[in-house]
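The values are calculated or read from the model by the stated rules, or taken from the named source; none is laboratory data. Remember, it's a predicted structure, so these values are computed and weren't measured experimentally. Please note: Cβ atoms are built from the backbone with ideal geometry, for glycine as well, and neighbour counts cover all protein chains shown.
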């Protein structure tokens, strides 16, 4: 009888510990994450200062990605819905490819940036395109992450929950 009680207590403690570890891992990796302190460059080679003063949408993309093209088209055609949001398209591909993409999908709503060293992408664990991050200008932290193509409505919903 004592053996059964000890086994049940042990299993309960292991279960509680696992729940705590998963919760901590989730909070560290996805919520309350600040932007990495890595240098990004504008298409002309000038450094870009990634200070958060207002809400930002960071879209990590590859110039030859069809889903990325769909995402950029939705943003370009969004009307005034992203009026107070800074939209950054970031790629670790060669700057010439990013420049060509930016010319094909030109918009005043979007700033195109290069992550030539891919350190920024690695720090945010980007491995599928597009990967979209919503950062809060208010609390300067990650509030949402989307992996893969998502409808603009979901992005707008994440911004409105801000």
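Looking only at region 32-51, which residues are part of a loop (DSSP other than H, G, I, E, B) and closer than 14 Å to residue 112 by Cβ? Hits for region 32-51 are 43, 44, 45, 46, 50. What number of residues within region 75-98 satisfy the criterion of being in contact (Cβ under 8 Å) with a residue 12 or more places away in the chain, surrounded by fewer than 15 Cβ atoms within 10 Å (Cβ to Cβ) and either outside any loop (DSSP other than H, G, I, E, B) or outside the structural domain of residue 151 (by TED's automatic domain parsing) (or both)? Qualifying residue count for the region: 1. With respect to the conditions (1) within 22 Å of residue 156 (Cβ to Cβ); (2) out of contact with any helix residue (DSSP H, G or I) (no Cβ under 6 Å at 6 or more places or on another chain), residue 112 lacks only one, and its number is (2). Checked against (1) assigned to a loop (DSSP other than H, G, I, E, B); (2) in contact with a strand residue (DSSP E or B) (Cβ under 8 Å, 6 or more places away or on another chain); (3) modelled with pLDDT of 90 or more, residue 108 passes all but a single condition, namely (2). Residue 127: assigned to a loop (DSSP other than H, G, I, E, B) and at pLDDT 90 or above, yes or no? So residue 127 passes the test. For residue 61, the test of being modelled with pLDDT of 95 or more, touching a helix residue (DSSP H, G or I) at 6+ places or on another chain (Cβ under 6 Å) and within 20 Å of residue 121 (Cα to Cα) is passed. Within region 9-54, the only residue that satisfies the criterion of being at pLDDT below 80 and at positive phi is 32.
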